[in-house]
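The values are calculated or read from the model by the stated rules, or taken from the named source; none is laboratory data. Because the structure is predicted, anything quoted here is derived from the model rather than measured. Every residue, glycine among them, receives a Cβ derived from its backbone with ideal geometry; neighbour counts consider all protein chains shown.
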Amino acid sequence: MGVKATEVRKGQVIEQDGDLLLITEYEHRTPGNLRSIIQIKARSLTSGQTTSHRFSGSDTLEVAYLDRRKCEYLYREGNGDFVFMDNESYEQFPLTQDMVGDKMGFVKENTTVEVTFHDQTPLDLSLPGSVVLEVTEAEAAVKGNTATNVKKDAVLETGLKIKVPMHVAVGDQVKVSTETGEFQGRAN
């Protein structure tokens, strides 16, 4: 769907030259009595590169239609791809390590997450603000160390390594921020 360059906003996705661009910065300038200039910075959803673009106020841009669907993470393939299943159509599809990055450290098998699609092609994975995971490896606490704010290394059930307080033990359920990767507390 075509819209004027003055109507696009930060966070929208536009199609240009066969690429999907996520607008990260938007600036509308009208220098003196000249025509308006729209300056945007955009990140390619396919390559990850950030580019700058300049448009006049009368230019028309194509806004991409993105679809978010609930999908379940099933397993990891031998080649490193992560296999998901659409909860509505039950179709299975892979997401590569390049597409999801470090996000899979927060997702355990059989967990439902949101996947963003464009024309039936999966693009990205959206995580909740925090997740609850079980500690599988951690040093034992020494009596007296639990009174201080000392942190130790712990490995969670997905293989994610984080710093936790000394009182956290193997088998504990912990809440972890998906944005920072930091320990937020024990889960009940």
Could you pull out the residue among Tyr90, Tyr75 that is under 19 Å from the mean Cα position of the chain (by Cα), surrounded by fewer than 16 Cβ atoms within 10 Å (Cβ to Cβ) and assigned by TED's automatic domain parsing to the domain that holds Pro122?
-> Tyr75
Count of residues meeting criterion [free of Cβ contacts under 8 Å to residues at least 60 places away in the same chain, among the hydrophobic types (A, V, I, L, M, F, W, C) and either closer than 18 Å to Thr158 by Cα or surrounded by fewer than 17 Cβ atoms within 10 Å (Cβ to Cβ) (or both)] in the stretch 100-123 = 4
Residue under evaluation Lys152, criteria (1) surrounded by 13 or more Cβ atoms within 10 Å (Cβ to Cβ); (2) within 20 Å of Phe84 (Cβ to Cβ); (3) of a type in the set (D, E, K, R), criterion not met | (2)
Given (1) farther than 22 Å from Val174 by Cα; (2) surrounded by fewer than 18 Cβ atoms within 10 Å (Cβ to Cβ); (3) touching a helix residue (DSSP H, G or I) at 6+ places or on another chain (Cβ under 9 Å); (4) among the charged types (D, E, K, R), index of the condition Lys161 fails = (1)
Out of Gln97, Gln92, report the one residue that is without any contact (Cβ under 8 Å) to a residue 40 or more places away in the chain and over 26 Å from Glu179 (Cβ atoms).
-> Gln92
Going by the structure shown, is Thr24 surrounded by 11 or more Cβ atoms within 10 Å (Cβ to Cβ), under 23 Å from the mean Cα position of the chain (by Cα) and farther than 30 Å from Gly159 by Cα?
-> yes
Counting only residues that are in contact (Cβ under 8 Å) with a residue 60 or more places away in the chain and of a type outside the set (Asp, Glu), which one in the stretch 47-82 is nearest to Val113 (Cα to Cα)?
-> Tyr65
